[in-house]
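The values are calculated or read from the model by the stated rules, or taken from the named source; none is laboratory data. Values in this document were obtained by computation on a predicted structure and should not be read as measured data. So basically every Cβ, Gly included, is an ideal-geometry build from the backbone, and we count neighbours across all protein chains shown. Note: accessible area is taken over every heavy atom of the protein model, side chains too, but ligands, DNA and RNA are not part of it. Shrake-Rupley method; radii C 1.70, N 1.55, O 1.52, S 1.80 Å.
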Amino acid sequence: MSTPTPGVARDAATRIASAEVLVASPGRNFVTLRLRTEDGVVGLGDATVNGRELAVASYLDDHVTPLLIGRDAHAIEDTWQYLYRGAYWRRGPVTMAAIAAVDTALWDIKAKLAGLPLYQLLGGRSRRGCLAYGHASGADIEELFDSIRDHLDQGYRAIRVQSGIPGLGSVYGVASSANAAVGETGATSRYDHEPARRANRPVEEEWDTRAYLRHAPKVFEAVRAEFGPELPLLHDAHHRLTPIQAARLGKDLEPYDLFWLEDVTPAENTTMLRRVREHTTTPLAIGEVFNTIWDYRELFEEQLIDYVRSPVTHAGGITALRRILDYAAVYQIKSGVHGPTDISPVGLAAALHLGVAIPNFGIQEYMKHSRATDEVFRPAYRFTDGLLTPGEEPGLGVAYDDAAAAAHPYAAAYLPVNRLKLDGSLHDW
């Protein structure tokens, strides 16, 4: 009896017959991989890297999709290893987003062939749904309060709080009508969907760390006084602080009992989280720009963080993120998967199927996509009473509408860059 060759299907019907890279911009740019088996089963994967979308599209089109034709759609692990180890040049956001798209599409196909929603293949439900947090922001305290109330009215039970800073103009995470040119709702709307501007180069913003460190504790003091002690509050420093500055912020925010403080120092400087951890008990979340399990090794083993931020889309897919989260569970570290609108509904759906199954789920970021985005992707997941739940139909529960996508061609867009107000030095955005 002969041994089947890895990557070659026993059943011709499960061979990959076609692989298409789909680029569309329904409110913002997305890159989607669509795989189809010989018997017509379709799987979708998200390959979006915000502001560098065409790099991933090219990597997939030119270097990955030709390798997939004829492979066994069931051989998910072998295909993952083939694309990761076989390329020799490993890791990085472009490579790992491309692998993630293939991996997610194959899981979508496998679940459809099994006739089950994907989470059932990952071990079944561990919870009713995934607690989600929304993004509340305001140029000042009054506007921030209005935004928090609006999110509570929408059903959110956990809120990320970002505020304008006196003396600065545009600030990361604060919705602004000045940025509405990228949105689909016209120039009078706030940018609640996408901070990138459609232009041939990034917009430049100003930053003042000392002003931020003085102002942030006042914001959380006001929010707690207005909304009470029970509401889970989160905050993103967005890699803008040195370790000692991050330690100060974490300590200053301790009286306000944050759910987490996110990305306090640049991701390249992970070992310096030791200094932050030494000085504050505020929980720390990091990892939305991490791509592999190796980025987390020291952070887990030294228990320097509390939540993992990597999304399915940028960390090598469901297969790879499950490994990361299983590793995290050993150290009582939970998931906090990245999920604003630079993750497509395909990537969000994958995160939800994983989130309802894993034992160490923490919270899921959820910034609602635009109506145009939902018309293209037609997701089946639902948001009810603060919880996100994946669809119950076989697979991921997302269907790509080509006709709707055709109305939204790609348009170049860049995230802003940041310069210090004091002297114009380039700083982390």
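List of remarks:
- Close amide H pairs (under 5 Å, H built 1.01 Å from N) link His338 with Ser310, residues at least 5 positions away or on another chain.
- Computed accessible area, Val42, all protein chains, 1.4 angstrom probe, square angstrom: 30 Å²
- The translational diffusion coefficient of the stretch 316-429, from Stokes-Einstein at 25 °C and 0.890 mPa s with a Kirkwood hydrodynamic radius over alpha carbon pairs, comes to 149 µm²/s.
- Helix axis angle, 209-227 relative to the chain longest principal axis, alpha carbon, degrees: 90 degrees
- Ligands, DNA and RNA excluded, the heavy atoms of Tyr400 present near 30 Å² of accessible surface to a 1.4 Å solvent probe.
- Under 5 Å from the amide H of Ala158 lie the amide H atoms of Gly134, each residue being 5 or more positions distant or on a separate chain, with H modelled from the backbone and absent for Pro and chain starts.
- Among the protein heavy atoms, those of His238 account for about 20 Å² of accessible surface (1.4 Å probe, every chain in place).
- Counting only DSSP H runs of at least 4 residues, each contributing -39500 (n - 2.57), and dividing by the residue count of the chain, the helix-based mean residue ellipticity at 222 nm comes to -9500 deg cm²/dmol.
- Pairs of Lys in the chain closer than 30 Å at Cα, counting only those 8 or more apart or on different chains: 11
- Computed from the C-beta positions of Glu268 and Ser126, the FRET efficiency with R₀ = 45 Å rounds to 0.85.
- Relative to the longest principal axis of the Cα atoms of the chain, helix 141-154 runs at roughly 40 degrees.
- Calculated accessible area for the chain comes out at 41 Å² per residue, all protein chains present (probe 1.4 Å; ligands, DNA, RNA ignored).
- Of [x] 43; [y] 29; [z] 67, the label for percent of Cα pairs over 34 Å apart derived from the coordinates: [y]
- Simple label model, 7 Å out from Cα along Cβ direction - Glu204 to Gln303, nm: 4.6 nm
- DSSP beta bridges fully contained in the chain are about 50 percent antiparallel.
- Per residue, the convex hull spanned by the Cα atoms of the stretch 341-395 amounts to 90 cubic angstrom.
- Cα gyration tensor, the stretch 378-429 - rounded (a/c under 1.5), prolate or oblate: oblate
- The stretch 110-178: C-alpha gyration tensor shape, a/c 1.5 cut-off, then a/b vs b/c: prolate
- For the stretch 1-147, the direction-averaged projected area of the alpha-carbon convex hull comes to 12.7 nm².
- The portion of the accessible surface of the chain made up by carbon and sulfur, rounded to a whole percent, is 51 (1.4 Å probe; DNA, RNA and ligands excluded).
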